[in-house]
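A.B. asks: Quick one: the structure is below, and I'll ask about it shortly.
The values are calculated or read from the model by the stated rules, or taken from the named source; none is laboratory data. Since we're looking at a predicted model, the values are computed, not measured. Because the Cβ atoms are built from the backbone with ideal geometry, glycine has one as well, and the counts that use them run over all protein chains shown.
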Amino acid sequence: MKVIRHSRIPFIVTLLTLVFLYTPLVLVAVASFNASKYGGSWAGFSMKWYIKLFHEPDIWNALVKTLVIAIISTAFSTVLGTLSALALHRSTSKLKAIYYALVHTPLVVPDILQGISLLLLFVTIFSVCSPLLIPFGINMELGLTTIIIAHITFCMSYVTMVVLERLHEFDTSLIEAAQDLGASGLYTFFRVTLPLILPGIVAGALFAFMLSFDDFVITFFVKGAGDTTLPVYIQSAIRHGKNTAVLNALSVVFLILTFIIVFSAQKLLTMKTEEHK
């Protein structure tokens, strides 16, 4: 019998790619423990940058704004994305393919194009509506509200995609069984459908939160003066060479949190609901 030998090339290429991707992260982690301020040479192990991190009010102010934006954006995008996924899954319209394309377009459109488009949209709306609202003391301008609206527009699509993936594995016979037993549509949704797709909803919400928290390009275009989110602060600090060592420590903290959230989302996506087997 002829023994089939599998090529090692795919494994080697994958390994080299992973090394290339994760080496910079390791270097940042090492630099965060370097006593040297500029990281050009190793000056000994130190935790002082982590200690100094907690005494930087600008960083924490930017973090609070970023968390507020991310939480509100995640809440709205999760509700809208879940409703969109349910509508697409149940739709029998001939235009279903177009609906899919419209929902998934934000996933592939470059961020810079989305940012410019949203900026033009907000400026147009403000130019039309501001004269009508000024007599009432309402001044429309770029700020946290425009950032939140912009984040909802692209986070919603990611939630829809994740929930749809869960719905594709959904056993519709459970809904039919509940209806045969006399359950109403609302009761069936909250007691049968929602518990089964809840892992997908939570996973989508986690992805939306991380995307909103991490966004820089779109936020940069639609933010107002003084609305400095954490990614914007980091970009500005690096450009001016300010607190680079502290930013290394901050990067490690958020790297750990990101891995935890991504791991949790992945577990939720693959989790099977034992009680409904």
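A.B. asks: Report every pair of residues separated by at least 6 positions or lying on different chains whose Cβ atoms are under 9 Å apart, first residue within region 41-53 and among the basic types (Lys, Arg), second in a loop (DSSP other than H, G, I, E, B).
C.D. replies: 48/35; 52/243
A.B. asks: Then there's this: Taking the residues in region 27-36 that are farther than 12 Å from residue 247 by Cβ and in a loop (DSSP other than H, G, I, E, B) as candidates, determine which candidate is nearest to the chain's Cα centre (by Cα).
C.D. replies: Filtering region 27-36 for residues that are farther than 12 Å from residue 247 by Cβ and in a loop (DSSP other than H, G, I, E, B), the one nearest to the chain's Cα centre (by Cα) comes out as 33.
A.B. asks: Looking at (1) farther than 23 Å from residue 205 by Cβ; (2) touching a Leu at 6+ places or on another chain (Cβ under 7 Å), can you tell me which one residue 55 breaks?
C.D. replies: (2)
A.B. asks: Show me the helices (runs of 4 or more DSSP H) entirely contained within region 208-277 in which 3 or more residues are modelled with pLDDT under 75.
C.D. replies: Fully inside region 208-277 and qualifying: 244-270.
So that you can scan it fast, the table gives a plain yes or no per residue for (1) free of Cβ contacts under 8 Å to residues at least 60 places away in the same chain; (2) loosely packed, with under 14 Cβ neighbours inside 10 Å; (3) not in a helix (DSSP H, G or I):
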position: 12; (1), (2), (3): yes, yes, no
position: 16; (1), (2), (3): yes, yes, no
position: 21; (1), (2), (3): yes, yes, no
position: 25; (1), (2), (3): no, yes, no
position: 59; (1), (2), (3): no, no, no
position: 70; (1), (2), (3): no, no, no
position: 84; (1), (2), (3): no, no, no
position: 88; (1), (2), (3): no, no, no
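A.B. asks: Can you tell me which residue in region 38-69 is modelled with the highest pLDDT, limited to those that are β-branched (Val, Ile, Thr) and more than 15 Å from the chain's Cα centre (by Cα)?
C.D. replies: Step by step, filter region 38-69, then rank; the result is 64.
A.B. asks: Going through 97, 75 one at a time, which residue ends up being modelled with pLDDT of 85 or more and either small (Gly, Ala, Ser) or not in a loop (DSSP other than H, G, I, E, B) (or both)?
C.D. replies: 75
A.B. asks: All but one of (1) of a type in the set (Val, Ile, Thr); (2) over 24 Å from residue 148 (Cα atoms); (3) within 27 Å of the chain's Cα centre (by Cα) hold for residue 72; state the number of the condition that does not hold.
C.D. replies: Checking residue 72 against (1) of a type in the set (Val, Ile, Thr); (2) over 24 Å from residue 148 (Cα atoms); (3) within 27 Å of the chain's Cα centre (by Cα), the one that fails is (2).
A.B. asks: Restricting the search to region 196-237, which residues are touching a Gly at 6+ places or on another chain (Cβ under 8 Å), over 14 Å from residue 67 (Cβ atoms) and buried (at least 20 other Cβ atoms within 10 Å of the Cβ)?
C.D. replies: Matches in region 196-237: 204, 218, 221, 222, 223.
A.B. asks: Another question about this same structure. Pairs needed: first member in region 102-119, small (Gly, Ala, Ser); second member anywhere, assigned to a helix (DSSP H, G or I); C-beta distance under 7 Å; at least 6 residues apart or different chains.
C.D. replies: 115/217; 115/218; 115/220; 115/221; 115/222
A.B. asks: Moving on to the next point. Condition (residue is assigned to a helix (DSSP H, G or I), among the acidic types (Asp, Glu) and out of contact with any Pro (no Cβ under 9 Å at 6 or more places or on another chain)) applied to region 41-56: is it met by at least one residue?
C.D. replies: Taking every residue of region 41-56 in turn, none turns out to be assigned to a helix (DSSP H, G or I), among the acidic types (Asp, Glu) and out of contact with any Pro (no Cβ under 9 Å at 6 or more places or on another chain).
A.B. asks: What do you reckon, is residue 111 among the acidic types (Asp, Glu) and either within 19 Å of the chain's Cα centre (by Cα) or under 21 Å from residue 149 (Cα atoms) (or both)?
C.D. replies: The answer is yes for residue 111.
A.B. asks: So, in region 160-190, of the ones that are over 22 Å from residue 81 (Cβ atoms) and assigned to a helix (DSSP H, G or I), which residue ends up modelled with the highest pLDDT?
C.D. replies: Selected residue: 177.
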